[in-house]
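Take a look at the structure set out below.
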Amino acid sequence: MADNPKEEVAGNSDGGLVARSFGVIEHGLQATARFFRATEIDTRMLGMLGALILIWVAFHFVSDGRFLTPRNLWNLSVQTASVAVMATGMVLVIVTRNIDLSVGSVLGFVAMIMAVVQVEWLPELLNRNHPAIWVIALTVGIALGAMIGALHGFIIAYMGVPAFIVTLGGLLVWRGAAWWVTSGRTVSPLDSTFRLMGGGPNGAIGAFWSWVVGGLACLLVLLLILNARRQRKRFNFPLRPVWAELFLVSTVCATVLGAVAVANSYPWPAGIVKRYIKNNNLNVEPSELFIAHGIAIPVLIAVCVGIVMTFVAKRTRFGRYVYAMGGNPEAAELAGINTKWVTTKIFITMGMLCGIAGTISTARLNAATNAQGTLDELLVIAAAVIGGTSLSGGVGTIAGAMLGAVVMQSLFSGMLLLGVDSPLQNIVAGVVLVLAVWLDGIYRRRQG
Amino acid sequence: MRKNSTEKVIELENISISFGGIHAVDDASVDLHKGEVVALLGHNGAGKSTLVKILSGAYKRDAGDIRVRGELANISNPRDAKAYGIETIYQTLALADNVDTAANLFLGRELRTAWGTLDDVAMEAAAREVMGRLNPRFQRFKEPVKALSGGQRQSVAIARAIQFNAQILIMDEPTAALGPEETAQVGELIKQLKYEGISIFLVSHDIEDVFDLADRVAVMKNGQMVGSADVGSVTKDEVLGMIILGKCPPAAQKGPGAVNQ
Ligand SMILES: Nc1ncnc2c1ncn2[C@@H]1O[C@H](COP(=O)(O)OP(=O)(O)OP(=O)(O)O)[C@@H](O)[C@H]1O
Ligand SMILES: [Mg+2]
């Protein structure tokens, strides 16, 4: 800001100037405040986006321009997907003042079962590469995750054992169980269709469909804002000014289309292009053919999960109860909410999300290993907390947690790019976590 | 004064509950007629809140029966009580701090659109209407109720109870946090509700208010019922004597908690 002490001193001789410059500043502040009120932008979210951009730009400069490349950003998006998916569920868990320490182990166990199902069981019943294998494996994974979540939820809600303990037990139990399934053997290679859910050149939807998805997303945003306006008109509530609505729509659409453009400027590597040319009997030089990756399928899955979970949190009774319970569980019970059942449902959701995340991470690795998902619980909790989920309950957004996952992954992959060794990576990540929560606390206290 | 003394809507019969060794409520009986306001009085810790919380399903009683409109009622959680048309304003308000006024008013009974999603706009409209009746200056509909003042929160709790056409209303010190103007407004509201035929249990420490609003007083002491009396047949001093000394005046119906004179 421009109000430095020098100006104040100078102001002694020319009070008018100071008064005027303060007037300008004040006017500017008022305008900013008006802007945020009119657009109803979450300033906390904006701060996080700012921090993310800062991290990106800093890494870009320190790494001599290797961070903000389509290739790196595309990889970053794929690496974030699995943790981001689980973070959406962790928000609901933490909002109700619970915790889930078992997500990494549940992911590992479910992933192992999915791998065994598609590699060892199903090919015996159907033939290898049967088109239904991936669906069956995915369904088994999600259903198994749901059952494990239901078990955790039941013990927590109906038997009254604290979530910390139940999921700490789960952390050990499911890691051990994952080992037991194959006595520690890695299961690989996976079904070829299933593998598409992990990304890679084939596991992306290409330039054309990426633009289609981007266009649809813009349309959706427009429809949502129009619908909100119509709803408020129905009861003659004050509306957002039109300029604010236009600003929101255009910013969001620009971001979405920008992301699509980045994904579409990351070409397939030369080797895969060569194979593609050979397989299709084309008569072109590999260097002349530019085939873009487009949006990766795991990223698409994560975004869809984010949208569905936001819908659940904001627009359904279940979501409303989750936030009501987080603020005051006893009040929710007195209002007639079946808090035990809601708690159980939260853990079922968390389990299903572990199934989806397990799908993404095994598909990316093309294998299920015994150590799959180890320490993921910490990344997931950190993502939710950095994303603004309050450990004292009642507060947290899905979008924030997913953004938190991107922040965490950006730190890790940036440090990897710089060749920082892994102990130091952990130190930095730990410091950032504490710093983020401290800053968030200050922000919240100022907001009152 | 009683409009219709024949129909008893609520009968609490020999209710007992204890927490650990403490008999919070001990063999207490009280009833409530249609369109009647019964004030529950007693010193701090006498068991008033505990008794009404048993009726609202927040606590499970150890012994005793609850009859609603003459029939034995099965109330073991708040949902059961609401199903009988019993609404409660708790002494602690029991608001969900992190959601807004409309969400609190409709908590557990949300309005939904044709697609089954929350109809927030409709709920906000209803909230504006009912809050306008109670506290016309109230404007902060978008904020979580945590950000509201004590009196505003109390208004929200009252609004929630009257929103759903309750037949029986339990008000546990509903005006404790309210300013004089808002207290007067709640007084008017109680008279209005009574006029509409709603039966009310009013827990209060304010003898003036009680004599102004209630048809009958019931006094508790150490978890036991000292007695109950029509407000017209006893003086304020006699009621104070019941509260402090447990002395039951001759015009009152004597309970097990009364001292033997
Ligand atoms: N949940 C509980 N656990 C243990 N003891 C309780 C509980 N609730 C109430 N009690 C005890 O029961 C007794 C009656 O409490 P209650 O809240 O009913 O009093 P009250 O008449 O409403 O008092 P006040 O005028 O202060 O609101 C007290 O001794 C209190 O300590
Ligand atoms: Mg009380």
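Here is a yes/no grid of residues against (1) part of a helix (DSSP H, G or I); (2) open to solvent by less than 10 Å² (accessible area, probe 1.4 Å):
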{"site": "A:59", "(1), (2)": "yes, no"}
{"site": "A:72", "(1), (2)": "yes, no"}
{"site": "A:84", "(1), (2)": "yes, yes"}
{"site": "A:88", "(1), (2)": "yes, yes"}
{"site": "A:93", "(1), (2)": "yes, yes"}
{"site": "A:100", "(1), (2)": "no, yes"}
{"site": "A:115", "(1), (2)": "yes, yes"}
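Filtering the stretch A:328-341 to residues that are part of a helix (DSSP H, G or I) and open to solvent by less than 10 Å² (accessible area, probe 1.4 Å) leaves A:331, A:332.
Filtered by the rule that a residue be touching a helix residue (DSSP H, G or I) at 6+ places or on another chain (Cβ under 9 Å), open to solvent by less than 20 Å² (accessible area, probe 1.4 Å) and more than 9 Å from chain A (Cβ to nearest Cβ), the stretch B:69-87 gives B:73, B:75, B:86, B:87. Residue pairs whose Cβ atoms lie under 7 Å apart, separated by 6 or more positions or on different chains, with the first residue in the stretch B:45-64 and within 13 Å of chain A (Cβ to nearest Cβ) and the second assigned to a helix (DSSP H, G or I) and near ligand 1 (Cβ under 8 Å from one of its atoms), are B:59/B:50; B:59/B:53.
Figure legend. Inter-residue proximity from the stretch A:229-240: first residues without any contact (Cβ under 8 Å) to a residue 40 or more places away in the chain and more than 7 Å from chain B (Cβ to nearest Cβ), second residues among the hydrophobic types (A, V, I, L, M, F, W, C) and part of a loop (DSSP other than H, G, I, E, B), beta-carbon distance below 9 Å, spacing 6+ or different chains. Indicated pairs: A:229/A:239; A:233/A:239. Residue pairs whose Cβ atoms lie under 7 Å apart, sitting 6 or more positions apart in sequence or on different chains, and linking a residue in the stretch B:15-27 that is more than 14 Å from chain A (Cβ to nearest Cβ) and within 15 Å of residue B:220 (Cα to Cα) to a partner that is within 14 Å of ligand 2 (Cβ to nearest atom) and assigned to a loop (DSSP other than H, G, I, E, B), are B:17/B:59; B:23/B:223; B:24/B:47; B:24/B:223; B:25/B:47; B:25/B:223; B:26/B:223.
Restricting attention to the stretch B:26-33, does a residue exist that is part of a loop (DSSP other than H, G, I, E, B) and within 16 Å of ligand 2 (Cβ to nearest atom)? Within the stretch B:26-33, not a single residue is part of a loop (DSSP other than H, G, I, E, B) and within 16 Å of ligand 2 (Cβ to nearest atom). Report yes if residue A:163 is within 24 Å of the chain's Cα centre (by Cα) and in contact (Cβ under 8 Å) with a residue 24 or more places away in the chain, otherwise no. When the stated conditions are applied, residue A:163 passes them. Might you let me know whether the stretch A:183-198 holds any residue that is touching a residue at least 12 places away in the same chain (Cβ under 8 Å), open to solvent by 30 Å² or more (accessible area, probe 1.4 Å) and within 14 Å of chain B (Cβ to nearest Cβ)? Checked the stretch A:183-198: no residue is touching a residue at least 12 places away in the same chain (Cβ under 8 Å), open to solvent by 30 Å² or more (accessible area, probe 1.4 Å) and within 14 Å of chain B (Cβ to nearest Cβ).
Taking the stretch A:314-326 as the range and being open to solvent by 10 Å² or more (accessible area, probe 1.4 Å) and either part of a helix (DSSP H, G or I) or of a type in the set (Lys, Arg) (or both) as the test, the residues that pass are A:314, A:315, A:317, A:318, A:320, A:321, A:323, A:325. Just one residue in the set B:154, B:167 is touching a residue at least 60 places away in the same chain (Cβ under 8 Å) and within 16 Å of ligand 2 (Cβ to nearest atom); that residue is B:154.
Tell me yes or no: at least one residue of the stretch A:345-358 is assigned to a helix (DSSP H, G or I) and within 11 Å of chain B (Cβ to nearest Cβ). The answer is no, given that none of the residues of the stretch A:345-358 is assigned to a helix (DSSP H, G or I) and within 11 Å of chain B (Cβ to nearest Cβ). Considering the stretch B:19-44 alone, what residues qualify as being near ligand 1 (Cβ under 7 Å from one of its atoms), open to solvent by 50 Å² or more (accessible area, probe 1.4 Å), over 16 Å from residue B:242 (Cβ atoms) and not β-branched (Val, Ile, Thr)? If the condition is that a residue be near ligand 1 (Cβ under 7 Å from one of its atoms), open to solvent by 50 Å² or more (accessible area, probe 1.4 Å), over 16 Å from residue B:242 (Cβ atoms) and not β-branched (Val, Ile, Thr), then B:19, B:20 are the ones that fit.
The values are calculated or read from the model by the stated rules, or taken from the named source; none is laboratory data. In this text the structure is predicted, and so the values were computed from the model without any measurement. In this analysis, Cβ positions are derived from the backbone assuming ideal geometry, glycine residues included, and neighbour counts consider all displayed protein chains. Protein only, heavy atoms only, side chains kept; ligands, DNA and RNA dropped before computing areas. Shrake-Rupley method; radii C 1.70, N 1.55, O 1.52, S 1.80 Å.
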